[in-house]
1. Per residue of segment 476-485, in order, report the coupling 6.51 cos²θ - 1.76 cosθ + 1.60 (Karplus, θ = phi - 60°) as ³J(HN,Hα) in whole Hz, putting x for Gly and Pro.
2. If each of THR85 and ILE402 carries a label point 7 Å out from its Cα toward its Cβ, how far apart are those two points in nm?
3. So, with a 1.4 angstrom probe, what is the percent of accessible area on segment 362-419 that is carbon and sulfur?
4. Using 7 Å Cα-to-Cβ label points, what is the LEU54/MET229 separation (nm, one decimal)?
5. Would you mind checking the pairs LYS194/LYS396; LYS194/LYS294; LYS150/LYS294; LYS206/LYS396; LYS150/LYS194 and listing those with alpha carbons more than 30 angstrom apart?
6. What would the Debye equation give as log₁₀ I(q)/I(0) for segment 284-380 at q = 0.10, 0.15, 0.25 Å⁻¹, counting only Cα atoms as equal point scatterers?
7. Give the peptides 481-488, 389-396 in descending order of average Cβ contacts within 10 Å, highest first.
8. Measuring from centroid to centroid over Cα atoms, what is the spacing of segment 171-195 and segment 436-452 in Å?
Amino acid sequence: MPVESGSSAASRQAKQKRKSHSLSIRRTNSTEQERTGLQREMLEGQDSKLPLSLRSNLLDLFGQIEREFENLYIENIELRREIETLNDRLTAEGQTIDGGDLTKGALKTKASHSTSQLSQKLKTTYKASTSKIVSSFKATTSRAVCQLVKEYVGHRDGIWDLSVTRTQPVVLGTASADHSAMLWSIETGKCLLKYVGHAGSVNSIKFHPTEQMALTASGDQTAHIWRYMVQLPTPQPVADISTPCDDDIDFSDKDEADGDGEGPNECPSIRMASTTLRSHQGVVIAADWLVGGKQVVTASWDRAANLYDVETSELVHSLTGHDQELTHCCTHPTQRLVVTSSRDTTFRLWDFRDPSIHSVNVFQGHTDTVTSAVFTVGDNVVSGSDDRTVKVWDLKNMRSPIATIRTDSAVNRISVSVSQRIIALPHDNRQVRLFDMSGVRLARLPHSNRQGHRRMVCCSAWCEDNSSCNLFSCGFDRQAIGWNINIPALLQEK
């Protein structure tokens, strides 16, 4: 029997391998048919209550899905090859410019410029294609409309917090890192009063429920209560610059305004507080009035929240238990309930309805700093976090949230509309988004090189008693903005 040499055997094996490879490529369809037939036989041998015809149709459908994924996989491979080819071409062009006499810096600049042009083209194409897809899901007859009504400019540093008075006259209050708090005419955007009694950043501002009194918390480790009297100026006509709350608006940066942000001229100021609350050993980051306005609660970086009597300025209770610095505190509008949030990823519910028992509940629903937790008119608490989520909780059963909103940026001090039950989410990425209580996204406030915030948005606040502005936002671009939000009922139901 003849024996093959080692080289001829290796050659024959290589030929057979190439031949079998080419045959497997040419007979792809037949292989798929054999596989489908085999799967049909396996299905016929399995026990199932479904009719054989229905099972066969399902198998055909799954086969089509599998082929679609295979096509997508092949297209993905081809795109990767094209990208590698383009990268090689760009590198080659950069090396042959001007006969190769350019320096490394020039070559790098040219290659970077070419790459940026290619990147911009890819972004434009991607944005155009996705915009068409997203627009196809939008109803043109029920779009939310967001109108920028007024900008309130005058602070010399970022604005941490804002609030609207609950009594007449209705004014806007802002708390800034420039050590001051300002009261503004909502209609005209004019500064009515400036409080300069703090020696540190003013981190929050809240108004008394029935009297013309303001409560501010500061980095000077104190909270101040001060009285104000303002007279509203004659309102000016407002230009209509309504803009659909759309996702297709340009997000280019807006340059900082020239100058140092000089404050408004002829703005009266207050330098002395009527009451100063001292007990904290760290920055007082937030403060709020309890229902009735006879007591206030403060939250501090010393990991404690303090309850004070307004008339005597005495410390009533020190609420301890958080493991890290507090970030916010909020009181219930009709009940003696307080919620505090902290960097320890929790928020706590303190119950003072029974004078003899002060219960506390700890809620661990976030994975990062809880930046704020607020009550709604009903039995809900809404919490926002640096973990880029917002959760809606039911006070009657707070073991798990009833809704979770996932976003693409950290969430700062949120607010909930009393009448419309809409949550306004201010973000680190300069956006403000609106959601309903079930977690459905309703709108995003317009942001472009012409309007909107240019830096981190720190806080939002709703106003139920003003026809022109019903939502306010502030940020570290030193300005507050008044918006008129019109959410169609049909869109809210969706």
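1. Calculated HN-Hα couplings, in order: 8, 8, 6, 9, 10, 10, x, 10, 10, 9 Hz.
2. 5.7
3. On the way: 960 of 2430 Å².
Roughly 39 percent of what the probe reaches on segment 362-419 is carbon or sulfur.
4. Here the modelled spin labels are 8.1 nm apart.
5. Exceeds cut-off: LYS194/LYS396; LYS150/LYS294.
6. Once normalised to I(0) and log-transformed, intensities are -0.23, -0.53, -1.44.
7. Working: 481-488: 20.9, 389-396: 18.9.
Final packing ranking: 481-488, 389-396.
8. Going from one Cα centre to the other spans 25 Å.
The values are calculated or read from the model by the stated rules, or taken from the named source; none is laboratory data. Being a predicted model, the structure only gives us computed values, none of them experimental. Note: ideal-geometry Cβ built from the backbone for every residue, glycine included; neighbour counts use all protein chains shown. For accessibility, only protein heavy atoms count, side chains too; no ligands or nucleic acids. Shrake-Rupley method; radii C 1.70, N 1.55, O 1.52, S 1.80 Å.
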